[in-house]
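Some notes on the structure that comes next.
The values are calculated or read from the model by the stated rules, or taken from the named source; none is laboratory data. Note that the structure is a prediction, hence the values are computed from the model and not measured. Neighbour counts run over all protein chains shown; Cβ positions are idealised from the backbone, glycine included.
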Amino acid sequence: MKSGFRVGKIWKIEVRIDWSWLLILALISWSLGVSFVEAHPDWSPVLSWGLAIGSALLFFASLLAHELAHSLVARARGIPVRNITLFLFGGISNIQREPSSPTGEFQLAIVGPITSFVLGLLFLVVGIFSVGGGEVNLLAPAQAVSQISPWSTAFLWLGSVNVLVAFFNLIPGFPLDGGRVLRSLLWAVTEDVSKATRWATRVGQVVAWMFILAGVAMVFNVQVPILGSGLVGGIWLILIGWFLHSAALQSHRQTIVREILEDVPVRKMMRADAPAVPAYISVEKFVDEHLMKTDEQAFLVIDGKNLVGMVTLDDVRKLPSEARSHSQVKEIMIPSEKLIVIAPEEDAAVGLQRMRSQDLRQLPVVHGGQIVGMLRRKDIVRWLQIQVQGI
């Protein structure tokens, strides 16, 4: 999810909003607004719809707290967190690498549902006490809503939905939190993270298909226990199942890739003769004589015999075309001190993870303070293709 916009930072963790979040915010606000209007015909439209939008925003604030809990635990264990993104299906923490132990995995996974459950209980308690002496029958929410105040209505809805989020995330379907808890337990038993991941992702795929089939049944007006029936609910469940299946499949593929690349040193697949360009040539000349005449997308930048940085196709794209003739490569390059590098003896799996986490296509390979080559994504892909074909 690279689309969207940045909204700020919380404890130095960037918070982003994906464009799909606007859709789900509108759907939840609309659904709540219609429910409030029907349950409280005495409320003004401004009150009903204002409360609906405010409740939806507080719900997403709760999801942000859920993801923030994951991120803070990850950071406490020394795992970098790039950002948190709110999107169509809730929120996701962009944690840069996997925990190094089953205990770390369990702690990182379980803290999210615990946060949602605690928030849910707090909202429910506040909602019940704010009723003002009236009795609320939580088993008949429609009747209860029609008899209580706006604040009580919002708090009780937020409480119930947060508790639901907690239990939903505990479903043992990888990559849900429950699936990660399952993986941590399997990891502890088997002492093999790859095997544990394979088993957890298979369970995740089964759970995803159960969601999809239940959604199809709901579309055809079949009463599904707890979930009920209906076109909108069924389609929504199908979408959730599809998302979970895709995420589980992607996790499974990443496990296979990691197994193939494990214990394979970077030096076996790096390009030793990394292309280089002078620091003082114009960007226009760099494009015409280097980028356009090769299939390379990254070049080392040298000043005499000294390495001073690296320039990529993406760096050129950021510069307006009319400025290329009078701008030098050194002005748009990534300085050498800011380069993210890898050693030739490190695992290629580490290199691929580093590229993914930083959204890079290549890494300079450094040994003894000197760049000895370049590891590119396409080099790793070619290696994987060769291994899969059994060459």
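Scanning the stretch 216-243 for residues that are at pLDDT below 90 and within 30 Å of Ile380 (Cα to Cα) returns a single hit, Phe243.
I want to confirm something. Restricting to the stretch 236-257 and keeping residues that are of a type in the set (Phe, Trp, Tyr) and over 9 Å from Ile212 (Cβ atoms), which single residue is nearest to the chain's Cα centre (by Cα)? My answer is Phe243. In summary, Thr294 fulfils each of the numbered conditions (1) assigned to a loop (DSSP other than H, G, I, E, B); (2) crowded, with 16+ Cβ neighbours inside 10 Å; (3) free of Cβ contacts under 8 Å to residues at least 24 places away in the same chain with the single exception of condition (2).
The single condition among (1) more than 23 Å from Asp347 (Cα to Cα); (2) touching a strand residue (DSSP E or B) at 6+ places or on another chain (Cβ under 8 Å); (3) modelled with pLDDT of 85 or more that Leu249 does not meet is (2). Screening the stretch 108-148 for residues that are assigned to a loop (DSSP other than H, G, I, E, B), of a type in the set (S, T, N, Q) and more than 37 Å from the chain's Cα centre (by Cα) and picking the one that is modelled with the highest pLDDT gives Gln147. Can you tell me which residue among Arg75, Arg82, Arg97 is in a strand (DSSP E or B) and touching a residue at least 12 places away in the same chain (Cβ under 8 Å)? Of Arg75, Arg82, Arg97, the one residue that is in a strand (DSSP E or B) and touching a residue at least 12 places away in the same chain (Cβ under 8 Å) is Arg82. Consider Arg253 carefully, then state whether it is assigned by TED's automatic domain parsing to the domain that holds Gly173 and in contact (Cβ under 8 Å) with a residue 24 or more places away in the chain. Considered against the rule, which asks whether it is assigned by TED's automatic domain parsing to the domain that holds Gly173 and in contact (Cβ under 8 Å) with a residue 24 or more places away in the chain, Arg253 comes out as no. Note on the stretch 167-178: residues that are within 20 Å of Ala65 (Cα to Cα), buried (at least 21 other Cβ atoms within 10 Å of the Cβ) and not acidic (Asp, Glu) total 4.
Each residue in the stretch 41-69 was checked for being more than 21 Å from Ile240 (Cα to Cα) and either touching a strand residue (DSSP E or B) at 6+ places or on another chain (Cβ under 8 Å) or assigned to a strand (DSSP E or B) (or both), and 1 of them qualify.
Yes/no matrix, rows are residues, columns are (1) within 19 Å of the chain's Cα centre (by Cα); (2) modelled with pLDDT under 90; (3) of a type in the set (Phe, Trp, Tyr):
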{"residue": "Lys2", "(1), (2), (3)": "yes, yes, no"}
{"residue": "Leu23", "(1), (2), (3)": "yes, no, no"}
{"residue": "Leu27", "(1), (2), (3)": "no, no, no"}
{"residue": "Trp30", "(1), (2), (3)": "no, no, yes"}
{"residue": "Pro41", "(1), (2), (3)": "no, yes, no"}
{"residue": "Leu72", "(1), (2), (3)": "yes, no, no"}
{"residue": "Pro80", "(1), (2), (3)": "yes, yes, no"}
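Of all residues in the stretch 1-40, exactly one satisfies the criterion of being in contact with a helix residue (DSSP H, G or I) (Cβ under 7 Å, 6 or more places away or on another chain), among the hydroxyl-bearing types (Ser, Thr, Tyr) and part of a helix (DSSP H, G or I), namely Ser29.
Just one of the numbered conditions (1) assigned by TED's automatic domain parsing to the domain that holds Pro172; (2) exposed (fewer than 15 other Cβ atoms within 10 Å of the Cβ); (3) small (Gly, Ala, Ser) is not true of Ser321: (1). Evaluation of Val287 against the conditions (1) out of contact with any helix residue (DSSP H, G or I) (no Cβ under 9 Å at 6 or more places or on another chain); (2) over 30 Å from Gln385 (Cα atoms) shows that the sole unmet condition is (1). Cβ-Cβ contacts under 8 Å between residues 6 or more apart (or on different chains), taken from a first residue in the stretch 16-32 that is within 23 Å of Arg82 (Cβ to Cβ) to a second residue that is among the polar types (S, T, N, Q) and in a strand (DSSP E or B), are listed as Arg16/Asn83; Arg16/Thr85; Ile17/Thr85; Asp18/Thr85.
Consider the stretch 243-267 and keep the residues that are touching a Pro at 6+ places or on another chain (Cβ under 9 Å) and surrounded by fewer than 19 Cβ atoms within 10 Å (Cβ to Cβ). The one that is farthest from Gln387 (Cα to Cα) is Gln250. Those helices (runs of 4 or more DSSP H) of the stretch 319-391 in which at least 1 residues are in contact (Cβ under 8 Å) with a residue 24 or more places away in the chain and touching an Asp or Glu at 6+ places or on another chain (Cβ under 7 Å), considering only elements entirely within it, cover 329-332, 348-358.
Failed condition for Asp315, given (1) exposed (fewer than 15 other Cβ atoms within 10 Å of the Cβ); (2) within 30 Å of Asp379 (Cα to Cα); (3) not assigned by TED's automatic domain parsing to the domain that holds Leu176, with all others met? Asp315 satisfies all of (1) exposed (fewer than 15 other Cβ atoms within 10 Å of the Cβ); (2) within 30 Å of Asp379 (Cα to Cα); (3) not assigned by TED's automatic domain parsing to the domain that holds Leu176 except (1). Looking across the stretch 1-33, the residues that are small (Gly, Ala, Ser), surrounded by 13 or more Cβ atoms within 10 Å (Cβ to Cβ) and within 19 Å of Ile53 (Cβ to Cβ) come down to Ser20, Ser29, Ser31, Gly33. Does Arg356 satisfy being in contact with a strand residue (DSSP E or B) (Cβ under 7 Å, 6 or more places away or on another chain) and basic (Lys, Arg)? No: the conditions fail for Arg356. When the stretch 83-107 is filtered for residues that are hydrophobic (A, V, I, L, M, F, W, C), modelled with pLDDT under 95 and closer than 23 Å to Ser184 by Cβ, the ones remaining, listed by number, are Ile84, Phe89, Ile92, Ile95.
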